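Peer 1: Sharing a structure, written as structure tokens. Questions coming.
The values are calculated or read from the model by the stated rules, or taken from the named source; none is laboratory data. None of these values were measured; they are calculated from a predicted model. All Cβ positions, even for glycine, are placed from backbone atoms using ideal geometry, and neighbour counts span all protein chains on display.
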Amino acid sequence: MSETVRGAVETDCFRLSYIVEGEGRPAIVVGSSLYYARCFSQTLRRHLRIAFMDHRGFAPGSRSTDVAQFGMEKLTADIEQVRQQLGFDRVVIIGHSGHGFMALDYARRYPEHVSHLVMLCMGADYTPAGHAAAERYLADSVCPERKAALAEAMARLPAMIEAAPEKAFVSFCLATAAKSWFDYTFDAAPLWEGIETNMAMFDHVWGKVIPDMDLAALAPDIRAPAFLGLGRYDFLVPPAHTWEPVRDRFRDLTVRVFERSSHAPMLEEPEAFDRELLDWIGSR
């Protein structure tokens, strides 16, 4: 397998690290370079040369609270800067959860450099109505043990945030394990080891930028074939049915629902995930 390459790009006041591993067709996973390098399999790395890159919310040492630095155009321009620095031509652009919006926006703004768009565990509607749909999906599910575990963890969350406010995003992710993992007892803390977060970025992008993005309006602009991977037990984001008004707006969208996954099928069902993704890339 090709050697691992580590580096960074400097953009505005942010230093965005990346880790490049694997061999084959070039791909970029946007989010946290550390977190996502821990989530995707070695098997996938035998087929894709994957650059795991930080966005501005994960830039080490960043304390910026200037929301003008967190617009979607800037976030996708950062992806383009990484692509150029790595010398990639056309890439498979991959975004998980809210990062799927960054991947989609990059595919829209830089179509000449995107061969495939991959969106994972991403809801189509992050408005209050979409979040209410996610809550109903969990409430309607017959899973008393999962609900009890969630209630217990959420009761501890305020104290976790008070003790380490700079880690509020990570604390929230850990406290919502019952919404996020097929095995709701899974301890995701090792995935977050050594990762810094900028809460001003997450509050603005997840609270304002993403909810204002209209997928129905943006989807027709996507030229590349698109893959949407969802988890049957994902209670963290708006459920699969929120995609129904949107999916036919894409020129070429393939949807796959992983039956024993929640919010991370690439980690929860790696063999099925790798097979479906690579088969789809090969067919397009």
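Peer 1: Of the numbered conditions (1) over 26 Å from Gly130 (Cβ atoms); (2) surrounded by fewer than 15 Cβ atoms within 10 Å (Cβ to Cβ), Ser62 fails exactly one; give the number of that condition.
Peer 2: Answer for Ser62: the failing condition is (2).
Peer 1: Which pairs turn up if I take residues in region 126-141 that are farther than 13 Å from Tyr233 by Cα and free of Cβ contacts under 8 Å to residues at least 24 places away in the same chain and look for partners that are part of a helix (DSSP H, G or I) and hydroxyl-bearing (Ser, Thr, Tyr) with beta carbon separation below 9 Å, at least 6 apart in sequence or on another chain?
Peer 2: That search, which allows pairs on different chains as well, returns Ala129/Thr242.
Peer 1: Same structure, new question: So which residues in region 15-45 are hydroxyl-bearing (Ser, Thr, Tyr) and either crowded, with 19+ Cβ neighbours inside 10 Å or in contact with a Gly (Cβ under 8 Å, 6 or more places away or on another chain) (or both), if there are any at all?
Peer 2: Going residue by residue through region 15-45, those that are hydroxyl-bearing (Ser, Thr, Tyr) are 17-18, 32-33, 35-36, 41, 43.
Answer for region 15-45, where residues must be hydroxyl-bearing (Ser, Thr, Tyr) and either crowded, with 19+ Cβ neighbours inside 10 Å or in contact with a Gly (Cβ under 8 Å, 6 or more places away or on another chain) (or both): Ser17, Tyr18, Ser32, Ser33, Tyr35, Tyr36.
Peer 1: Specify the residue that is nearest to Glu268 (Cα to Cα); the eligible residues are those in region 194-227 that are without any contact (Cβ under 8 Å) to a residue 40 or more places away in the chain and acidic (Asp, Glu).
Peer 2: Here the answer is Asp203.
Peer 1: Of Asp89, Asp78, Asp54, which residue is of a type in the set (Asp, Glu), out of contact with any helix residue (DSSP H, G or I) (no Cβ under 6 Å at 6 or more places or on another chain) and closer than 28 Å to Gly123 by Cβ? Don't jump to the end; show me each part of the working.
Peer 2: Numbers: Asp89 fails: closer than 28 Å to Gly123 by Cβ; Asp54 fails: out of contact with any helix residue (DSSP H, G or I) (no Cβ under 6 Å at 6 or more places or on another chain).
Of Asp89, Asp78, Asp54, the one residue that is of a type in the set (Asp, Glu), out of contact with any helix residue (DSSP H, G or I) (no Cβ under 6 Å at 6 or more places or on another chain) and closer than 28 Å to Gly123 by Cβ is Asp78.
Peer 1: Among the helices (runs of 4 or more DSSP H) contained in region 93-169, which hold 1 or more residues that are at pLDDT 95 or above, aromatic (Phe, Trp, Tyr) and more than 26 Å from Tyr35 (Cα to Cα)? Please lay out each step first, then the result.
Peer 2: Details: elements: 99-109, 128-140, 144-163.
Result: 128-140.
Peer 1: Which members of region 4-24 meet the condition of being farther than 16 Å from Phe88 by Cβ and of a type in the set (Asp, Glu)?
Peer 2: Glu10, Asp12
Peer 1: Moving to a separate point now. Is there any pair linking a residue in region 96-124 that is over 11 Å from Leu218 (Cα atoms) to one that is at pLDDT below 95 and of a type in the set (Val, Ile, Thr), with Cβ under 8 Å and at least six apart or on different chains, and which?
Peer 2: Close Cβ pairs satisfying both conditions: Gly123/Thr242; Ala124/Thr242.
Peer 1: While we're here: On the basis of being surrounded by 16 or more Cβ atoms within 10 Å (Cβ to Cβ) and either β-branched (Val, Ile, Thr) or assigned to a loop (DSSP other than H, G, I, E, B) (or both), does Thr185 make the cut?
Peer 2: On the way: surrounded by 16 or more Cβ atoms within 10 Å (Cβ to Cβ): no; either β-branched (Val, Ile, Thr) or assigned to a loop (DSSP other than H, G, I, E, B) (or both): yes.
Answer is no for this residue.
Peer 1: Looking at region 200-235, which of its residues are assigned to a helix (DSSP H, G or I) and surrounded by fewer than 17 Cβ atoms within 10 Å (Cβ to Cβ)?
Peer 2: First, the residues of region 200-235 that are assigned to a helix (DSSP H, G or I): 200-209, 215-221.
Within region 200-235, Asp203, Trp206, Gly207, Lys208, Ala216, Ala217, Pro220, Asp221 meet the criteria.
Peer 1: Looking at (1) more than 19 Å from Leu104 (Cα to Cα); (2) within 16 Å of the chain's Cα centre (by Cα); (3) not hydroxyl-bearing (Ser, Thr, Tyr), find the lone condition where Glu269 falls short.
Peer 2: Condition (2) is where Glu269 drops out.
Peer 1: Related question: Scanning region 43-56 for residues that are in contact with a Ser or Thr (Cβ under 6 Å, 6 or more places away or on another chain) and not aliphatic (A, V, I, L, M), which turns out farthest from Val20 (Cα to Cα)? Please lay out each step first, then the result.
Peer 2: We begin by selecting, within region 43-56, every residue in contact with a Ser or Thr (Cβ under 6 Å, 6 or more places away or on another chain); these are 52-54.
Going one step further and asking which of them are not aliphatic (A, V, I, L, M), we end up with 52, 54.
Details: Phe52: 6, Asp54: 12 Å.
The residue in question is Asp54.
Peer 1: Could you go through region 46-57 and let me know if any residue there is out of contact with any Cys (no Cβ under 8 Å at 6 or more places or on another chain), assigned to a helix (DSSP H, G or I) and under 22 Å from Lys208 (Cα atoms). If you could, list the steps in order and put the result at the bottom.
Peer 2: Going through region 46-57, the residues out of contact with any Cys (no Cβ under 8 Å at 6 or more places or on another chain) turn out to be 46-57.
This time we only want the ones that are assigned to a helix (DSSP H, G or I), so: 56-57.
Narrowing the set further to residues that are under 22 Å from Lys208 (Cα atoms) leaves 56-57.
Within region 46-57 (the criterion being out of contact with any Cys (no Cβ under 8 Å at 6 or more places or on another chain), assigned to a helix (DSSP H, G or I) and under 22 Å from Lys208 (Cα atoms)), the answer is yes, since at least one residue qualifies.
Peer 1: Would it be correct to say that Met160 is in contact (Cβ under 8 Å) with a residue 12 or more places away in the chain, under 27 Å from Asp54 (Cα atoms) and surrounded by 18 or more Cβ atoms within 10 Å (Cβ to Cβ)? Outline the logic, then answer.
Peer 2: Numbers: in contact (Cβ under 8 Å) with a residue 12 or more places away in the chain: yes; under 27 Å from Asp54 (Cα atoms): yes; surrounded by 18 or more Cβ atoms within 10 Å (Cβ to Cβ): no.
Answer is no for this residue.
Peer 1: Here's another thing I want to ask about it. Among residues belonging to region 245-278 that are assigned to a helix (DSSP H, G or I) and basic (Lys, Arg), point out the one that is surrounded by the most Cβ atoms within 10 Å (Cβ to Cβ). So that I can check it myself, show each step before the final result.
Peer 2: In the first step, residues of region 245-278 are kept if they are assigned to a helix (DSSP H, G or I); the result is 245-247, 265-268, 270-278.
Restricting the remaining residues to those that are basic (Lys, Arg) gives 247, 275.
Numbers: Arg247: 17, Arg275: 12.
The qualifying residue surrounded by the most Cβ atoms within 10 Å (Cβ to Cβ) is Arg247.
Peer 1: Among the candidates Ile195, Ile281, single out the residue that is in a loop (DSSP other than H, G, I, E, B) and over 24 Å from Arg136 (Cβ atoms).
Peer 2: Numbers: Ile281 fails: in a loop (DSSP other than H, G, I, E, B).
Sole residue among the options that is in a loop (DSSP other than H, G, I, E, B) and over 24 Å from Arg136 (Cβ atoms): Ile195.
Peer 1: Right, next: Run down Arg284, Arg251, Arg247 and say which single residue is charged (D, E, K, R) and at pLDDT below 95. Step through it out loud before you land on a result.
Peer 2: Working: Arg251 fails: at pLDDT below 95; Arg247 fails: at pLDDT below 95.
After applying the criteria, what remains is Arg284.
Peer 1: Do we have Asp78 as buried (at least 22 other Cβ atoms within 10 Å of the Cβ) and farther than 24 Å from Pro245 by Cβ here?
Peer 2: Working: buried (at least 22 other Cβ atoms within 10 Å of the Cβ): yes; farther than 24 Å from Pro245 by Cβ: yes.
Here the answer is yes, as Asp78 does meet what is asked.
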